[in-house]
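Here's the structure, in structure tokens; my notes come after.
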Amino acid sequence: MTLDNFVVFEGIDGAGTSTQIKILKERPESSRISFSAEPTEGPTGRFLREILGGKIELNPKTTAFLFAADRAEHVWGKGGIVDSVNEGKAVVIDRYIFSSLAYQGVSCGKELPRKLNEDFPLPSLLFFFDINPEASLKRIKNRDVTEIYENNDYLTQTRKQYLEVLEEYKNNSHSDGMKIVTIDATKPKEEIAKIIWSHISNLPIFKS
Ligand code: TMP
């Protein structure tokens, strides 16, 4: 099932999704959009940040369950994605099930992340920011915190998983009309922002 007016940004670390969300937030229309990200700022999301920072080492399967638990609250919890869409807002989020299918697909195989994520609603619009890991790592090398997946080998495998997963969705009738837009993430940010707005401005909420 897809949710109308629900938009997801995806890509490997350093692909520039957060920068584009920042640009989108500056638009006057952003008052009609609810923005968030995964991992969330809730208790499970905060725990995930500790795992991502390398403070706690868990079996990769446990991490896959935690991402799904954090997502369940993000989607169905009070004031979550479903509530916001039902209140007539657009929802734009940084990362969603496709991150689990790609990143945890690498760390614990495809099967478990698929099972854990099969019940979540799909966005009606998905942006995939495509970039090679050499370029993305160059962008994030000056960040204060390095997270466990931020290395060339892991991100190369993750990008491959993303491309495979998106290809499957493109060819699958269960995708239920989810529109997938691949962005060349090496383009100037102003140019990317224009492409993004050209799609978001066509959501039903901005047409009514
Ligand atoms: P970010 O805040 O820079 O997007 O980093 C979040 C990290 O968490 C990034 O390396 C991707 C990873 N991640 C997963 O591995 N699985 C998931 O389901 C999500 C939402 C994020």
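Values quoted throughout were computed directly from the atomic coordinates according to the rules given, and no laboratory measurement underlies them. All of these numbers come straight from a predicted model, not from anything done at the bench. Glycine also receives a Cβ, built like all others from the backbone with ideal geometry; neighbour counts cover every protein chain displayed.
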Count of residues meeting criterion [buried (at least 18 other Cβ atoms within 10 Å of the Cβ), away from the ligand (no atom under 11 Å from the Cβ) and not polar (S, T, N, Q)] in segment 33-42: 1
Would segment 43-54 turn up any residue that is within 16 Å of the ligand (Cβ to nearest atom), over 24 Å from residue 80 (Cβ atoms) and either assigned to a strand (DSSP E or B) or more than 16 Å from the chain's Cα centre (by Cα) (or both)? yes
Scope segment 167-208; condition touching a helix residue (DSSP H, G or I) at 6+ places or on another chain (Cβ under 7 Å) and among the charged types (D, E, K, R); matching residues: 189
From the list 188, 204, pick out the single residue that is within 27 Å of residue 32 (Cα to Cα), loosely packed, with under 14 Cβ neighbours inside 10 Å and in contact (Cβ under 8 Å) with a residue 60 or more places away in the chain. 204
For segment 108-128, check the following and say yes or no: at least one residue is over 16 Å from the mean Cα position of the chain (by Cα) and of a type in the set (Ser, Thr, Tyr). no
Subset of segment 102-114 that is surrounded by fewer than 24 Cβ atoms within 10 Å (Cβ to Cβ) and of a type outside the set (D, E, K, R) - its residue that is farthest from the ligand (Cβ to nearest atom): 109
Of everything in segment 85-117, what is over 25 Å from residue 5 (Cβ atoms) and out of contact with any helix residue (DSSP H, G or I) (no Cβ under 8 Å at 6 or more places or on another chain)? Give them in sequence order. 109, 111, 115
Have a look at 124, 84 and point out the one that is touching a strand residue (DSSP E or B) at 6+ places or on another chain (Cβ under 6 Å) and closer than 24 Å to residue 163 by Cβ. 124
Considering only residues that are within 17 Å of residue 47 (Cα to Cα), buried (at least 21 other Cβ atoms within 10 Å of the Cβ) and not charged (D, E, K, R), which ones fall in segment 69-95? 74
Do we find a residue being on the phi < 0 side of the Ramachandran plot, within 17 Å of the chain's Cα centre (by Cα) and among the charged types (D, E, K, R) anywhere in segment 192-204? no
